[in-house]
Amino acid sequence: MEPTRGEAVAPSPGVTEARVRSARLAAGSSVRGWAVGLSPLTNETRWSQAWARIGVLSSITALVVYSTWRILFTLPPSGWNLVAAWLLIAFEIFPVFGLVIRAVTLWNIDTRAPAPVTGVKPGQRAAVLIPTYNEPVEVIAPTIAAACALEPAHQTWVLDDGDRPWVAELCRGLGARYVRRDEHTHAKAGNMNHAMELMHREIEDGAEPIDIIAVLDCDHVPLPGFLRDSLGWFDDPELALVQAPQTYYNSGAFDDDGDTGEQGMFFHVLLPARNHDGAGPFWCGSTSLIRLSALREVGGISTATIVEDMHTTLALIRAGWKTAYHHQVLAVGLAPDTPEQYLLQRRRWGMGSMQVLVTERLWAAKRWLSWRNYYEYLSGTVYWLEGVGTVFAFLIPVLILVSGAQVSTADPLTFSIAFVAMFSIRLWGSRRMFRLHLHWLTAFALRILRVPVGLSCLWWLITRRTLEFQVTPKSGADDRLRGRAPTAVWALIWLMVAVAVYALLGLSGLVPWHVDPASTVASGLWLVLAGTVLVLGVRRIQSDAYATSRRNAHRFNVQATVSVGAVEGELVDISVGGAAVRFARGTTPPDGDVEFLLPGADPVTLQTVRMITGDDGTSTVTTYQVRYGDWAAYRTISMWLFHTPPGAVEGLPAGVPAVAVAETTQRGQRTLARQYGRDVGDPEDRRP
């Protein structure tokens with residue numbers, strides 16, 4: 001019997017009880033780490049807070065004790081050896097200053113959240129803006145569909161800078177307003193400024209007022225609470241900007257999973273620490289809300305740099321406006337999948353930050369920035385030169401080793417024990433300080449790509465050449481190719497190899513520049529560490545896991561029972577553009593167009609792509625896809641994935657979208673759960 005429209009489909013005899021149990025496990029216990037943040041994350045547990053403080057104090061103590069020992073007991077008596085020793089000690093002790101500042105800024109990262117907004121009221125009338133340029137339908141359709149469905153009532157504007165007729169058709173089909181412009185200047189900033197000018201003219205002519213614009217990158221799909229949970233901030237008339245975390249549904253991206261990579265640490269540790277007056281966050285582009293009158297006061301979105309978000313925030317602060325951080329997952333998007341995408345994005349952020357540094361003369365901005373904002377913005381821009389610092393960090397021990405200088409009088413074994421103990425405590429303590437969001441293998445690997453980013457930033461500071469905004473690609477590639485390490489990284493690797501050979505020859509007495517172990521071990525340990533970091537970075541860049549993909553849509557391994565042409569089967573995976581379904585042998589529906597019914601959703605028509613017989617011969621996996629132009633099908637599948645009906649996936653907690661289902665339990669889940677003492681779907685804080 002054909003199931004009633006919108007009802008969940010009961011398991012058929014072809015779907016074994018073992019598979020049902022597997023689905024329950026996948027949906028119930030294996031949920032992605034960011035799902036913990038679907039309700040506001042306010043106070044971290046005392047356990048997390050205490051260990052973070054112990055960690056940072058341990059790191060500082062270890063470095064100070066090690067440096068004191070080096071100065072008091074290991075310095076050579078005089079000459080070049082003494083100069084070289086002091087140079088290496090200065091290099092070793094320099095991180096203590098950063099640790100002290102982090103001890104202050106990360107001592108408390110508790111945040112707050114406003115009461116939910118259930119209806120439209122003056123001062124909170126919103127329009128959601130979705131800028132887009134050249135992204136495929138599989139990327140933008142979920143964002144538009146989910147934005148149109150948000151509550152309370154609002155407007156949804158799609159700002160197409162690609163002049164694509166099919167996007168206009170998509171908007172009409174999904175219920176959004178399509179906006180384009182004749183001149184495509186200033187990229188995303190110009191696109192949004194054009195929309196705001198259009199709003200202003202229409203409001204002056206009597207159109208419905210708009211107080212708040214909510215900004216979503218075209219790949220960031222808003223979850224149901226996006227407006228409801230964040231609009232309450234604007235009860236404060238001095239507040240201009242609310243920024244929420246940027247979370248990613250494409251697990252296994254090059255920057256880890258958004259919970260434990262660079263972005264996860266930024267949004268779950270660094271930004272919560274800034275959520276108070278005088279240290280508010282800067283606009284991060286997407287998953288944000290801005291008061292329209294504040295933007296008009298500062299002349300709109302900045303077009304002077306290619307990081308319009310940060311630059312605009314500084315203009316708002318200079319004008320006396322406040323910003324706030326809403327620590328709750330309100331949308332999920334796409335992180336860079338490949339090293340090339342990652343490098344393109346980080347280069348844009350880095351060189352744009354150099355533009356802000358120079359344009360705003362941040363080193364002299366203390367008169368209009370609070371001390372905390374002065375530190376955060378100055379260090380946040382200079383941070384992008386870290387790659388240059390990494391090169392120097394490699395070269396200092398190289399030069400000392402090549403010179404043959406004796407920088408320590410301690411015997412090699414004693415020095416090695418002291419160094420390893422200090423460094424191990426620093427690693428342990430820093431990870432605790434960052435609430436376990438820092439994973440060193442990932443951090444070391446990603447640090448290598450900051451070398452070409454830093455060199456690009458330095459080159460811009462020298463040349464001041466004109467920069468063009470470059471969009472991070474979101475569509476599939478023509479071929480599946482592995483990443484290639486940048487030339488600068490290979491140059492450092494060959495330098496490390498050459499120096500290692502040089503040192504071995506010197507230690508072996510095979511060359512005239514004979515050196516002894518005491519003069520080699522101090523610099524040698526740093527070079528071993530540098531070589532390890534380089535190898536980790538190249539391995540990550542060249543990994544098959546981060547090769548380009550030919551698919552436009554990300555696939556989710558969600559298990560559920562579906563109906564295809566009135567035949568029940570097991571969902572193998574699903575994307576915005578189609579699905580793969582497993583049928584018991586002899587029950588596969590005929591080829592062609594079929595009616596496809598997801599649990600709790602309306603039926604859609606899909607077309608058959610191919611059938612593959614299982615290895616065991618007892619089942620067939622059939623792939624289906626959405627016909628191009630069937631906007632209703634894109635909407636239905638998108639909403640099922642991102643605004644999942646309750647009970648549609650067995651074991652999935654209420655309010656958690658299907659895109660949060662994971663094949664295996666992730667460390668990110670443990671990280672956020674420990675930090676805030678809650679389970680997925682639990683809205684209560686549990687600070688003991």
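The values are calculated or read from the model by the stated rules, or taken from the named source; none is laboratory data. Everything numeric in this text was worked out from a predicted model, so none of it was measured. Ligands, DNA and RNA are excluded from the accessible area calculation, which covers all protein heavy atoms including side chains. Shrake-Rupley method; radii C 1.70, N 1.55, O 1.52, S 1.80 Å.
In whole percent, how big is the carbon plus sulfur part of the accessible area of the stretch 373-432, probe 1.4 Å, protein atoms only? Please list the in-between numbers first.
On the way: 1810 of 2450 Å².
After summing per-atom areas, the C and S share lands at 74 percent.
Kindly report, to the nearest 10 Å², the accessible surface of LEU271 as traced by a 1.4 Å probe over protein heavy atoms only.
Near enough 0 Å² of accessible area.
So for TYR325, TYR133, TYR178, what's the accessible-area order with a 1.4 Å probe, most first? Write out the running numbers ahead of the final one.
Numbers: TYR325 0, TYR133 115, TYR178 60 Å².
From most accessible down to least: TYR133, TYR178, TYR325.
Ratio of alpha-carbon Rg to the 2.2 N^0.38 Å globular estimate for the stretch 248-309, to two decimals, please. The partial results should precede the final answer.
Numbers: Rg = 14.5 Å, N = 62, 2.2 N^0.38 = 10.6 Å.
Normalised Cα radius of gyration, the stretch 248-309: 1.38.
So what does PHE91 come to for accessible area, using a 1.4 Å probe and Å² rounded to 10?
Probe radius 1.4 Å; accessible area of PHE91 about 50 Å².
Please report the antiparallel percentage of the DSSP beta bridges confined to the chain, to the nearest 5. Each step should come with its number before you reach the end.
Numbers: 41 of 60 bridges.
The antiparallel proportion sits near 70 percent.
Rank these by accessible area, largest first, 1.4 Å probe: ARG318, ARG274, ARG450.
Result of the area sort, largest leading: ARG318, ARG450, ARG274.
Enter the accessible area per residue of the stretch 27-85 (Å², integer; probe 1.4 Å; all protein chains in place).
For the stretch 27-85, the solvent-accessible area averages 40 Å² per residue.
Scan the chain and note any complete DSSP helix (H) whose C-alpha atoms cover at least 24 Å along its axis and whose Kyte-Doolittle average is 0.0 or more.
Membrane-span-like by this criterion, though nothing is claimed about a membrane: 46-73, 386-403, 412-433, 440-463, 487-508, 517-542.
Divide by every residue of the chain the summed helix terms, -39500 (n - 2.57) for each DSSP H run of at least 4, and state the resulting mean residue ellipticity at 222 nm, rounded to the nearest 500 deg cm²/dmol.
Helix-only estimate at 222 nm: -14000 deg cm²/dmol.
On the full set of protein chains, 1.4 Å probe, figure out the accessible area of ASP411 and give it in Å² to the nearest 10.
Surface open to solvent at ASP411 totals about 80 Å².
Quick one: Cα centre-to-centre distance for the stretch 168-210 and the stretch 574-610, in angstrom?
If you average the Cα positions of each part, the centres end up 37 Å apart.
Pairs of Cα atoms under 8 Å, at least six residues apart: use those to get the relative contact order of the chain, whole percent.
This gives 23 percent for the chain.
What's the whole-number percent of alpha carbon pairs in the chain lying beyond 37 angstrom? Mind showing how you got there, number by number?
Values: 102607 of 236328 pairs.
Tail of P(r) above 37 Å: 43 percent of Cα pairs.
I'd like the distance separating the alpha-carbon centroids of the stretch 259-311 and the stretch 47-125, in whole Å.
24
Per residue, how much accessible area does the stretch 576-620 show when a 1.4 Å probe rolls over the protein heavy atoms, in square angstrom? Show your work: numbers first, answer last.
Details: 2140 Å² over 45 residues.
I get 48 Å² per residue for the stretch 576-620.
Round to a whole number: what % of the accessible area of the stretch 557-617 belongs to carbon and sulfur, probe 1.4 Å? Provide the component values of the computation, followed by the final result.
Details: 1080 of 2490 Å².
With neighbouring chains kept in place, the figure for the stretch 557-617 is 43 percent.
Counting only pairs 8 or more residues apart or on different chains, how many lysine pairs in the chain have their Cα atoms under 24 Å apart?
Lysine pairs meeting both conditions in the chain amount to 4.
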